[in-house]
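Rule-based calculations on the coordinates, nothing more; no lab input. Bear in mind that the values here come from a model prediction, so they are computed numbers and not experimental data. Cβ atoms come from the backbone with ideal geometry, glycine included; neighbour counts cover every protein chain shown.
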């Protein structure tokens, strides 16, 4: 049986992104949110959504901003300024430069910061925008250590296994001529049984997000779609139930 989910990533990235996500919670159907806890706007984002019925997950971030842990303890993850290496550096690297032991230190530190901010455990546990086997291994190790619902991204298209159930991730926002509604409809056509998660990055734009992220216009498109009457009517008319991570 196919079960469908939608998720908004990057809460905390910037105030503009936070406001966009807030709109999809307040006026839309978003119930699952990935929270970046190391950013200047992290507390701002949390304050906006904390009183809503949502599943807030740890969106572990090692490619933008400053680390939670001491940069001197995680040299493979940071540049000479003590800030995280960029996602571009990860994409262009010929090999995985992340040192597993250092990744564990930072993942654990972000987990502790998540609890410090929210006073709760993450509803799920995963990573932001980095293709690193050692980072994924660190997520798995820390997740198992604290008995968290870990989403360990696969690199070959096979589903993740969450609580013994297959979960397929869908995300098209990086493609030209992106249409979020068409991407959602395509997910509904998936043949495989299990959970199908559409990952969105809704948000508005400000100077910070446009200077550090290559994902810009799609964020605005996703806000508009997720709060639109057309989308909500489609969900209701077709009797689509959107699941949360608490139900997996």
I need to check one value: relative contact order of the chain, counting alpha carbon pairs closer than 8 Å and at least 6 residues apart, in percent.
26
Between 0 and 90 degrees, rounded to the nearest ten: what's the tilt of helix 133-145 against the longest Cα principal axis of the chain?
80
Between the helical axis of 100-118 and the dominant principal axis of the chain, each derived from Cα atoms, what acute angle in degrees is found, rounded to the nearest 10?
60
Ordered by packing density, taken as the mean number of other Cβ atoms within 10 Å over each peptide's residues, highest first, how do 10-19, 118-127 rank?
10-19, 118-127
Tilt relative to the chain, helix 217-226 - C-alpha long axis, 0 to 90 degrees, to 10:
40
For the stretch 1-147, what is the relative contact order in percent, using Cα pairs closer than 8 Å and at least 6 residues apart in sequence?
22
Pair residue 29, residue 83: separation of 7 Å Cα→Cβ label points (nm):
3.8
Work out the FRET efficiency for residue 181 and residue 118 from their Cβ-Cβ distance, taking R0 = 30 Å, and round it to the nearest 0.05.
0.45
Suppose R0 equals 30 Å. What FRET efficiency, 1/(1 + (r/R0)^6) with r the Cβ-Cβ distance, do residue 158 and residue 66 give to the nearest 0.05?
0.35
Calculated FRET value between residue 216 and residue 51, using beta carbons and R₀ = 22 Å, to 0.05
0.15
